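The values are calculated or read from the model by the stated rules, or taken from the named source; none is laboratory data. Only a predicted model underlies this, so the values are computations on that prediction, with no experimental measurement involved. In case anyone asks, the SASA skips ligands and DNA or RNA and just uses the protein heavy atoms, side chains included. Shrake-Rupley method; radii C 1.70, N 1.55, O 1.52, S 1.80 Å.
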Amino acid sequence: MLAQVLLGRSRFSQAFHRTLSFTSLFFYQNPHNFSNFLCTQTTHSFPEINKLDPEEEHQHEEKPRSLSLRIEKLSRGEPVGLAFQSWMRDGFPIHHGDIFHAINRLRKLKLNKRALEVMEWVIRERPYRPKELDYSYLLEFTTKLHGISHGEQLFTRVPIEFQNELLYNNLVIACLEKGVIRLSLEYMKKMRELGHSISHLIFNRIIILHSSPGRRKLIPKILAQMKADKVAPHVSTYNILMKIEANDHNIDGLVKVFGDMKRFQVEQNEVSFCILATAHAVARLYTVAEAYVEAVEKSYTGDNWSTLDVLIILYGCLRKGKDLERVWGIVKQLPHVRLKSYILAIEAFGRIGQLDRAEELWSEMKSIKEMKSTDQFNSILSVYCKCGLIKKATAVFREMEVNGCKPNAITFRHLALGCLTAELVEEALKTLEMGIDFRASKKIKSSTPWLETTLSIIEIFAEKGDVANAEKLFEELKKAKYTRYTFVYNTLIKAYVKAKIYVPYLLRRMILGGARPDSETYSLIKLTEQFKT
């Protein structure tokens with residue numbers, strides 16, 4: 001009898017974690033991967049590790065006997081029952097595992113409406129006795145499509161034996177996904193009264209909702225409540241906390257979270273090391289970054305395309321051509337090479353100065369991929385502009401327009417750098433002005449390539465002693481908190497040195513801005529003092 005109870009609890013626990021796995025939002029479901037931390041072609045959101053992205057899912061080879069594929073191939077407007085009928089007509093029974101596989105694929109493809117139709121059909125036609133997992137799926141997609149009130153109504157209509165821990169957790173997560181925090185807290189209170197365990201995924205989502213600067217002071221209280229609810233520390237929670245600090249360019253805060261993680265004996269995974277490696281690479285702490293890259297390589301499971309993308313970026317930053325080529329070779333052996341991987345590889349080879357290799361990959365991408373994305377053209381454009389090859393960059397710009405791709409703010413930021421590198425100052429200033437007319441999201445302006453490109457432009461202005469333009473662009477970096485790095489402030493001080501201008505408050509301004517002066521800083525400040533009048 002005891003063995004049966006334990007077996008039942010084990011199965012429930014497995015089902016519970018499988019169902020809730022979709023809510024570990026920025027690590028397991030979000031269609032953007034970790035590389036957006038360093039790539040302006042994507043949004044600057046939280047990272048994730050995923051095996052397949054939507055583009056891959058459509059092209060990934062399916063087993064011949066797949067109910068999921070039949071559902072996906074339905075034309076818009078065709079009832080989902082047609083797929084089930086053809087499946088059963090071919091002599092196949094409908095098992096719970098088939099539905100589980102289909103729902104997971106539909107969720108990844110963001111076909112929420114079709115997923116809801118599947119679950120409504122299962123509950124209505126009952127090909128097997130519905131279980132708690134089925135009702136949790138039904139609740140998830142009903143809330144996503146029709147709102148929280150419909151989800152709450154559905155919850156009350158679910159058979160009483162399934163109104164349990166799993167369904168409550170899913171209801172809370174559904175509320176949090178809609179940003180309704182107060183209602184979520186009320187349901188969590190109800191769960192405590194009923195003695196239901198609260199998933200760490202719920203707290204993950206609450207932390208994410210409080211990750212903005214104005215709300216961040218509440219995160220310690222959330223963690224304290226997590227401890228009070230006896231929710232064990234989880235690696236995904238610490239990864240979120242580390243990513244918040246990394247996004248703020250707060251290396252000290254990042255290291256502190258990592259220290260807490262080790263102190264509580266939470267085992268790190270490849271996501272953890274990816275965050276640490278990229279954050280230190282962005283801060284130009286390359287020796288530390290290399291150590292974490294080694295940890296990424298050791299913890300890499302071998303089936304996560306996003307980790308490979310991160311390694312491509314990191315080896316480009318660290319100027320390690322052989323390792324970059326090795327990782328790219330692994331990517332090429334995958335059943336499907338993603339467009340994003342090509343873009344990252346082109347940029348990485350361009351970063352280490354291998355122009356021929358970047359152009360080779362550009363030609364390869366053009367031969368096998370449809371050239372309909374501005375991101376594709378921006379990748380090789382950035383390479384040419386960093387090298388000052390303005391004629392080649394202009395040719396790519398024209399090719400972009402011929403292909404019907406519209407330039408964006410990123411395009412003009414790259415072109416401005418290219419003009420400055422080629423000593424075309426007037427053209428660069430005009431290009432910067434043109435780029436202002438193209439709206440760039442806060443996420444884009446916070447992405448590392450955007451910040452690095454802007455800093456490269458400031459460096460050129462600094463060498464020319466153009467304080468006005470250097471200060472103007474410096475404000476952009478300040479808003480993204482990129483100025484916490486000493487080398488960024490030192491670049492601005494160089495502009496004053498070259499312009500032979502003494503400003504008494506530069507050092508104080510730097511310290512108040514969150515950057516730590518180093519030996520170079522004090523040397524530069526000393527140079528400005530000779531220009532006192």
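General remarks:
- Here the relative contact order of the chain, from alpha carbon pairs under 8 Å that lie six or more residues apart, stands at 11 percent.
- Within straight-line cross-link reach of residue 391, lysines at Cα separation under 20 Å, skipping those fewer than 8 residues along the same chain: 366, 406, 430
- For the chain, the Cα gyration tensor yields ellipsoid semi-axes of 47, 29, 20 Å (square root of five times each eigenvalue, largest first, whole Å).
- Accessible surface area normalised per residue over the chain is 47 Å², counting heavy atoms of protein chains with a 1.4 Å rolling probe.
- Region 416-482 and region 198-260 have their alpha-carbon centroids 33 Å apart.
- Over region 322-382: Kirkwood hydrodynamic radius from C-alpha pairwise inverse distances, Å: 11.6 Å
- Eligible aspartates and glutamates near residue 369 by straight Cα distance, threshold 20 Å, same-chain separation 8 or greater: 53, 55, 56, 57, 61, 309, 347, 356, 359, 360, 399, 401
- Links that overshoot a 29 Å alpha carbon limit, given the list 108/178; 230/298; 340/442; 230/256; 256/472; 189/217: 230/298; 256/472
- Residues of type aspartates and glutamates that residue 494 reaches as a straight line, Cα spacing below 13 Å, ignoring anything fewer than 8 places off in the same chain: 459, 463, 466, 471, 520, 529
- Taking the 1.4 Å solvent-accessible surface of region 286-335 as the whole, the part contributed by carbon and sulfur is 52%.
- Two-decimal Rg to Rh for region 355-398 - Kirkwood Rh, Cα set: 0.94
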